[in-house]
Amino acid sequence: MWLIPLVATVIAAVFAGMLLRQFLARRGQAQLLWAISMAMFAVASAAVTIGVASGWTTSLFAVYWAFGAVLTVPFLAGGEVVLLFRRPWVRWATWIVLIFSVAYTFSVLRQASFDLVALAERLPSGKEVLGDGSAAHRLPQLFSYPAFFILVAGALWSAWRMRGRPELRDRFVGTLLIVIGASIVAGGSAFAAFGQVTGFIVTLVIGIAVMFWGFLRASKPVVVPDATSVTVDAPA
């Protein structure tokens, strides 16, 4: 089973590298935020790979929880926000919120108590490891869940604005695929909550693969009638 999350790690790492290359070429803040998000996803998937293969430690679970369950989606949503609202104050506000989210997440996890018996499971449940209702267990509810709705709403709004424009068909389809992929990853948390390692790992890989597919589709050059081919920012 450890080979499957390893595939997700590789896909996410390649995804992050491509986004970083776009950022270096265009200096787009959205690409930077998405690159950070996919790097976090890769680290979280690597933690799952190690945990499933050789057992979990408190540090390994903290890395998985912070980067996978809590912070990946807020950075994806942050990229969508700065893409839709291209104003300096929106960009600064987004970075401030995200930096606070990172600092608060690690501060809470540093003080959290980890149940060593629960960590002996092949795929430990956050509720059992961190304690049901604890500050550490509630972190996804505080950051990841609201960010997911912002991400989906923003991406769907982007897709709606592109409807009926043949030259933006690839970007339209790519945007929808990214939303579907993110939803699949989010849905995988239900398997994790019940310790269903197979279901969780499969949704992890499928979700990131669909998101990557959407990114590649949305990044295709846009051919405008009577104009040369141009490349537009890929949505999230």
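The values are calculated or read from the model by the stated rules, or taken from the named source; none is laboratory data. Quantities reported herein were computed from a predicted structural model and do not represent experimental measurements. Glycine gets a Cβ as well: all are built from the backbone with ideal geometry, and neighbour counts include every protein chain shown. To get the accessible areas, we keep the full protein, side chains included, count just its heavy atoms, and leave off ligands, DNA and RNA. Shrake-Rupley method; radii C 1.70, N 1.55, O 1.52, S 1.80 Å.
Filter region 47-70 down to residues that are more than 19 Å from the chain's Cα centre (by Cα) and farther than 22 Å from GLY131 by Cβ and give me whichever is least open to solvent (accessible area, probe 1.4 Å). If you could, list the steps in order and put the result at the bottom.
As a first pass, look at region 47-70 and keep what is more than 19 Å from the chain's Cα centre (by Cα): 50-59.
Narrowing further to those that are farther than 22 Å from GLY131 by Cβ: 50, 52-54.
Values: ILE50: 87, VAL52: 19, ALA53: 62, SER54: 94 Å².
For region 47-70, the residue satisfying everything is VAL52.
Going by what's in this entry, would VAL73 be described as β-branched (Val, Ile, Thr) and crowded, with 21+ Cβ neighbours inside 10 Å? For VAL73, the condition - β-branched (Val, Ile, Thr) and crowded, with 21+ Cβ neighbours inside 10 Å - is met.
Just wondering, is there one or more residues in region 80-93 that are at negative phi, open to solvent by 10 Å² or more (accessible area, probe 1.4 Å), in contact with an Asp or Glu (Cβ under 9 Å, 6 or more places away or on another chain) and of a type in the set (A, V, I, L, M)? Within region 80-93, one or more residues are at negative phi, open to solvent by 10 Å² or more (accessible area, probe 1.4 Å), in contact with an Asp or Glu (Cβ under 9 Å, 6 or more places away or on another chain) and of a type in the set (A, V, I, L, M).
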